[in-house]
1. Counting just the residues of region 127-150 that are open to solvent by 20 Å² or more (accessible area, probe 1.4 Å) and in a helix (DSSP H, G or I), which one comes out nearest to MET72 (Cα to Cα)?
2. Between a first residue in region 41-55 that is closer than 16 Å to GLY175 by Cα and a second residue that is open to solvent by 50 Å² or more (accessible area, probe 1.4 Å) and assigned to a helix (DSSP H, G or I), which pairs have beta carbons less than 7 Å apart while being 6 or more apart in sequence or on different chains?
3. Restricting the search to region 70-108, which residues are part of a loop (DSSP other than H, G, I, E, B) and more than 24 Å from ASP181 (Cα to Cα)?
4. Please indicate, with yes or no, whether at least one residue in region 138-152 is under 30 Å from ASN10 (Cβ atoms) and not aliphatic (A, V, I, L, M).
5. Filter region 151-182 down to residues that are away from the ligand (no atom under 14 Å from the Cβ) and part of a helix (DSSP H, G or I), then give me how many there are.
6. Filtering region 9-21 down to residues that are open to solvent by 60 Å² or more (accessible area, probe 1.4 Å) and part of a helix (DSSP H, G or I), which residue is farthest from MET64 (Cα to Cα)?
7. Which of the following residues is within 10 Å of the ligand (Cβ to nearest atom), among the charged types (D, E, K, R) and more than 22 Å from PHE59 (Cα to Cα): LYS144, LYS82, LYS103?
8. For region 99-110, does any single residue satisfy the condition of being touching a Ser or Thr at 6+ places or on another chain (Cβ under 8 Å) and surrounded by 14 or more Cβ atoms within 10 Å (Cβ to Cβ)?
Amino acid sequence: MQSKTLDELNNLTKQEFLSFVEPAFERTPDVSIYAYDQTIGSGTKITSADHLSSVMWTFIDNYMSEQEKHKMVSSHPELQSKKRREQESSGQLSADSMVEHKKAGLDVSSLTKDQLDRFDNYNEQYRERFGFPFIVCVRYVPDKALGLLEAFEKRINNSKEQEFEMAVEELKKIGQARIRDRITE
Ligand SMILES: NC(=O)N[C@H]1NC(=O)NC1=O
């Protein structure tokens, strides 16, 4: 994906803007529509990548129902699991997720058999306990797969409310990082 300058971003049509930023918050187009309407669409220039993501966060925090947030959380792929491998082979993984997972050392060829088994087990336990996938902004976790396994271990004992709140906060960080990737300041 080619990044854009702020000037280029501010001169996009609505349709161009939406297709450029929508992948930041997967399968949740309302976030991007709101961001367009609040900025370029009403004559306000976007001044930085973080300005844009803060407008997107405002929508998530103030205008999305719990059900909509649940849908957004559930649309993200698991970190490494049988289910994720199936999603990948049937082309259901977004380009951003694939790159992020690979950089975090999550592809099968980078993991030991033991690590792969642990990811499979944690993902299954997590999904059964909470009903949505374990979400973490992988690029901010130190030690790649080891750090992610540690995060899983810690969070699996939280309450459903804590984890749901955490999942939304992590998605906000993922979206912000993806927006930063897309804009050259
Ligand atoms: N499950 C999960 O957290 N997936 C996401 N995390 C991240 O940094 N990119 C993703 O696709």
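1. ARG127
2. ALA49/ARG180; VAL55/GLN38
3. SER81, SER90, listed by residue number.
4. The answer is yes; a qualifying residue exists.
5. The qualifying residues number 7.
6. Applying the filter and picking the extreme gives GLU16.
7. Exactly one residue qualifies, and that residue is LYS103.
8. No.
The values are calculated or read from the model by the stated rules, or taken from the named source; none is laboratory data. What you are looking at is a predicted structure, and each value in this text was computed from that prediction instead of being measured. Cβ coordinates were reconstructed from backbone atoms using ideal geometry, including for glycine residues, and neighbour counts include every protein chain displayed. Heavy atoms of the whole protein, side chains included, go into the accessibility calculation; ligands, DNA and RNA do not. Shrake-Rupley method; radii C 1.70, N 1.55, O 1.52, S 1.80 Å.
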